[in-house]
Every structure is written in structure tokens, then in C-alpha cells.
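A short worksheet on the structure shown next.
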Amino acid sequence: MKKQKMICWMLAAALGMGLTACSGAGNTSQSGTETEKQTTVEKSEAADGKDVTIESVWPKGSTVYFDVPAKAGGGTDLYARYLTQALGEVCPDVNFVVTNYDTTEVGREHTKTAKPDGKTLLVHHGGAMIEYMTGSSEVSPKDDYKTVGVVNVGGPQAIIARPDAPYSNLQELGDYIQANPSEVVIGCTLGGASQCMLYGVVSNIGDGYGELVNWVQCGSEADKLTQTASGSIDIANCSINNALSYEADGKLKILGTMAPTSATLENMSELVGEKLPETFKTTKEQGVNYSYDSSYYVWAPAELPDDIAVVINEQIMKCVDQQGFIDSMKQMVTYIDKRDLAATQKTFDDEWNTWSEIIEQMGIKIR
């Protein structure tokens, strides 16, 4: 099987040009059931021949809605709230409202069909690409949205094993898979992001190893932790903080970390705020040619004019300098970066191509 390298999962947008700054705002909540620079910018009708500024897109006293296609309290919801809190500091005279949708597809559709004026946006992760490619979603992040910002550029995920596993690192796992085909059971969201990224790890340990293991449905992090600890499954993934806690209690074994390309044991330790054990070495640090680059994006309706996208992107980039936003991303063990509109689009395109390749290798791609 062709080896493949993942380039990006899960914050924060781009190096920009800095047009007129917003002045920051309130953040309320409601519930509901490079790549090459652009040489030309499509002008919006609202501009009426004048240069678009953030004040003309988000006027003083206006309300900007951020759709979150997930329930309150989860990772996507938290990232959206951290972003809108930072935007409230950057643009204090604008109101930012987070709207949660219990049904993911309904939330995605709402942004897709909203008026493309920059006042309805969506925060969601690259897993939406997978769901479209595999047919579980009818909304295409590539065709139905315009990418206007990066909330974060992903975070590390621990690769965990049952506490009595006969392997302690990725190389030993590969040797075991080769010697015991069809024995290792990996828990994941079948057809989802966790299966794709764990498939990336296993298939880069050895050609064809992704077909030598058993993949079973195990969607929530809580289920992954409890089932791995009990030995019901052999391998899964989870957050760094949960992995640290469960390992300290002797409930599971850490085999390594799948993380963004730039991640190292040292800078992951800086994010966590403590020195991580050697067991948390990244796939690359263990000699496995794999990285997990998946971002959280800010998406707008596809018809949003480019000049409006530029000024919104500039405000998102400013959030990366807000201390509260920085601290929140560290708490979530997530990397952030400034990326202008062109760099943001390249980040999206790279991730799209990566998921497309791996999903095709897995034989589950229908689009």
C-alpha cells in the first residue's frame, strides 16, 4: 500500500495585511434543534465601489452569528466560544452569538444557505470533509462554503493501548501486527476522522498493516478510554490530558502521539504545561512517516465576496494575539497560527487532498 502522510486536525487564522481594525464585543449564546496570494479580489455589491472595511461588514452594534453543528460543551463548541470571546476583544462594538445545533447536518445546511454577507459563519473541523467524501453528509466544505479563517491548526492525540498490551511503542506494535494478523482490535469512529488518522498511523508503520487489524465502532472518548482500560479493545486514541490521567492510574499504556507536522515531545510539553514522558513521542520521532494535520475552520456561505472574506480573516488573525485566546488553546492542548486568506485556503486544500487520498486507500470514498 502506498504510504501516506497526513497533513492536518483541529486553530487560528493567518498572517494578514491588516486593513482597518475593528474596534471588539459581546459574546452571547443561543441554542438550536501560501501558496499563492490572490491577485484580484471580487468586489461585493455592498461595497458600492468603495473599499470594504470591517466597519462596513460588521457595523457598530451589529450581530454576527457563529453556527456550531454540535451540542454545547464539546470541543467544537468550546473552540467557537474561545474564538468569539477573542473577537469580542478585537471588535468590542459587535455582538457575537454562538448557535448550537444538536443535528450536525442542520447546522451545516443553515450556514450553507445563509445570506453571504459575513454575518453568518460556521466553526467546524476538517472531519466534515471526511463525512462528505464518505457520503454521510450532503454538505461539501469545498463547494458549499468559503474558508475565511483557521481557528487552530490541530492538536496532538495520544495513541493508547490496553495496560497489559505486549507492545510499548509503535515499532513493537507493528511487529505484533505482522506476527499476529487480524488479532489487534482498534476502536474508532468507523468512516470518521479517528479511523482515518489511526489508519494513517498503522499503514505507515508497515505497508498493508491497515488491512491486518480489526476496526470496530467506538465513537466517544469516554468509550475509548473505558474499553481500552478493560481490554475490550486493544488500541484507540484520546486527548493528551486524559491519557496522562489514565496512564498515571495504570489503566492504559501510551504508545505515542499522532500530532501536527511541527509537533515535538518538547513543544507538546510546553502546551500541556508539564514535561511529557518519553512514551508520548510523536509518530515522526519514532520513525513513522506520518503526521496528523487537521484544523478547525471558519466557513462562510460559498457566495461570500472575496473582499469581505479578507477583512473577516484579518480580525480572526488578530485573535491569535489575545492572551485569553492563547491560554484557552493551551488548555485545549492545541496549536495556533496566523494565516492570511491565501494561506488559510492552502491549509484547507492540503487537508482536503490528504483525506481524499487516505479515504480512497481505505476503500470508503464515494465522492
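General remarks:
- Test: residue in segment 130-153 that is in a strand (DSSP E or B) and within 18 Å of Asn214 (Cβ to Cβ): no
- Residue tally, condition outside any loop (DSSP other than H, G, I, E, B) and surrounded by fewer than 18 Cβ atoms within 10 Å (Cβ to Cβ), over segment 49-64: 1
- Sole exception among (1) closer than 30 Å to Ala248 by Cβ; (2) crowded, with 24+ Cβ neighbours inside 10 Å; (3) of a type outside the set (Asp, Glu); (4) out of contact with any Phe, Trp or Tyr (no Cβ under 6 Å at 6 or more places or on another chain) for Thr111, by number: (1)
- Condition broken by Gln85, with the remaining ones in (1) touching a Ser or Thr at 6+ places or on another chain (Cβ under 7 Å); (2) assigned to a helix (DSSP H, G or I) satisfied: (1)
- Residue check: Arg367 meets all listed conditions (1) in the same structural domain as Ala128 (by TED's automatic domain parsing); (2) more than 16 Å from the chain's Cα centre (by Cα) but one, namely (1).
- Residue among Glu34, Glu109, Glu42 that is of a type in the set (Asp, Glu) and either within 17 Å of Lys318 (Cβ to Cβ) or modelled with pLDDT of 95 or more (or both): Glu109
- When segment 194-228 is filtered for residues that are farther than 23 Å from Thr282 by Cβ and either assigned to a helix (DSSP H, G or I) or among the hydroxyl-bearing types (Ser, Thr, Tyr) (or both), the ones remaining, listed by number, are Glu211, Ser220, Ala222, Asp223, Thr226, Gln227.
- In segment 88-115, residue nearest to Glu357 (Cα to Cα) [restricted to those that are part of a loop (DSSP other than H, G, I, E, B) and in contact with a helix residue (DSSP H, G or I) (Cβ under 8 Å, 6 or more places away or on another chain)]: Tyr101
- Among the residues making up segment 217-238, those that are more than 15 Å from Arg162 (Cα to Cα) and in contact with a Gly (Cβ under 8 Å, 6 or more places away or on another chain) are Gln217, Gly219.
- Asp143 meets each of the listed conditions (1) at positive phi; (2) surrounded by fewer than 24 Cβ atoms within 10 Å (Cβ to Cβ) apart from (1).
- Segment 174-193: number of residues that are in a helix (DSSP H, G or I) and under 23 Å from Ile366 (Cβ atoms): 1
- In segment 196-220, residue modelled with the highest pLDDT [restricted to those that are small (Gly, Ala, Ser) and surrounded by fewer than 17 Cβ atoms within 10 Å (Cβ to Cβ)]: Gly208
The values are calculated or read from the model by the stated rules, or taken from the named source; none is laboratory data. Quantities reported herein were computed from a predicted structural model and do not represent experimental measurements. Glycine gets a Cβ as well: all are built from the backbone with ideal geometry, and neighbour counts include every protein chain shown.
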